[in-house]
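The values are calculated or read from the model by the stated rules, or taken from the named source; none is laboratory data. Values in this document were obtained by computation on a predicted structure and should not be read as measured data. Cβ placement follows ideal geometry from the backbone for every residue including glycine, while neighbour counts extend to all protein chains displayed.
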Amino acid sequence: MRRREFLTSSTAMATIAGVATSTNPSVDASSKAEPKTFKLNYAPHFNMFRNSAGEDLIDQLKFAADHGFTAWEDNGMKSRPVDLQEKIAKTMEKLGMQMGVFVAHGSIGKLTFARKDEAVWDSVLKDLQDSIEVAKRVNAKWVTVVPGNVDETSRDRLAMGYQTANVIELLRRCADLLEPHNLVMVLEPLNWFVNHGGTFLKGSPQAYALCKAVDSPSCKILFDIYHQQITEGNLISNIDKCWDEIGYFQCGDNPGRKEPGTGEINYQNVFKFIHSHEFDGVLGMEHGNSQKGLEGEQAVIDAYIKADSF
């Protein structure tokens, strides 16, 4: 029987709440409400619920599962000790949770893909090769790749067409590594206006064109709703146009990059549209909490319950 099905029993809920309270004083028994079954696979990250679940990472996973979350993401998974990676994977399997992305290569601020440098490119491919082993260990399907910065300042900087051709060539090499393992690198466009000025990839149409050019099931778009609201807006229309190349979503309201409902994005409508396309992948909760402490963590849970209630 799946954990969330077991928790639907009021008797079981009382028992679980009692155990949690006795073993971890930081867990507020009053927060152990009937778990919500979400329509989409929203993925919290470590320390998002630290005040409620405690410092232990495994307890944080269990807390999220108890509250209806069916996925998890951890950008820093690759840097964790192997034994901890294995423990996290085993726990998620028991909880019926799906692993989201971790960062395989993210060279923000560096010129890595746009200019052809075999030594630099070999280091990128080494990152991807190392990530394959981590992905197998933690049962991950998707890994994040950020293809560095655009060449704007070099004295002999290349025209944008040549830079784009270089990016495509290296992405194809990356895809060749990932395809035999059925892994997918998801390319994340980042906004220039608030967080990451100068990155090569900044818009969903550009990411769509790259994925079409690479032409591999191992190269898809990570559509970060927060970043694309800042860069281009028109979210539902752009998601629709990119749909066949989107492999993964991330969330965060704007301004502030906090939970849905704290900014200008109508997340209920965005999530409704994604659900209408029968999306069964992961939506990473790559944002902070707008409030501190237990109240802030409950506010995140409530925000997703509300945004998911379409």
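Residue-level check: of (1) at pLDDT below 95; (2) outside any helix (DSSP H, G or I); (3) crowded, with 16+ Cβ neighbours inside 10 Å, residue 13 misses just (2). Any residue in the stretch 131-151 that's under 25 Å from residue 195 (Cβ atoms): show its pairings with residues that are aromatic (Phe, Trp, Tyr) and part of a strand (DSSP E or B) at Cβ separation under 7 Å, as long as the two are six or more apart or on different chains. Listed by first residue and then by second, the contacts come to 142/248. Looking at the stretch 242-266, which of the residues that are under 21 Å from residue 75 (Cβ atoms) and in contact with a helix residue (DSSP H, G or I) (Cβ under 6 Å, 6 or more places away or on another chain) is surrounded by the most Cβ atoms within 10 Å (Cβ to Cβ)? In this case the residue turns out to be 259. Take the conditions (1) farther than 19 Å from residue 101 by Cβ; (2) surrounded by fewer than 18 Cβ atoms within 10 Å (Cβ to Cβ); (3) touching a helix residue (DSSP H, G or I) at 6+ places or on another chain (Cβ under 8 Å); residue 216 misses just one of them, which is (1).
If only residues of the stretch 110-130 that are in contact (Cβ under 8 Å) with a residue 24 or more places away in the chain and either of a type in the set (Lys, Arg) or over 18 Å from residue 166 (Cβ atoms) (or both) are counted, the one that is surrounded by the fewest Cβ atoms within 10 Å (Cβ to Cβ) is 110. The lone criterion from (1) surrounded by fewer than 20 Cβ atoms within 10 Å (Cβ to Cβ); (2) more than 23 Å from residue 75 (Cβ to Cβ); (3) of a type outside the set (Phe, Trp, Tyr) left unmet by residue 182 is number (2).
Keeping to the stretch 192-221, report how many residues are among the small types (Gly, Ala, Ser) and assigned to a loop (DSSP other than H, G, I, E, B). It would help to see each step written out before you state the result.
The initial filter retains those residues of the stretch 192-221 that are among the small types (Gly, Ala, Ser), namely 197-198, 203-204, 207, 209, 213, 216, 218.
From the residues that got through so far, the ones that are assigned to a loop (DSSP other than H, G, I, E, B) too are 197-198, 203, 216, 218.
Here the count works out to 5.
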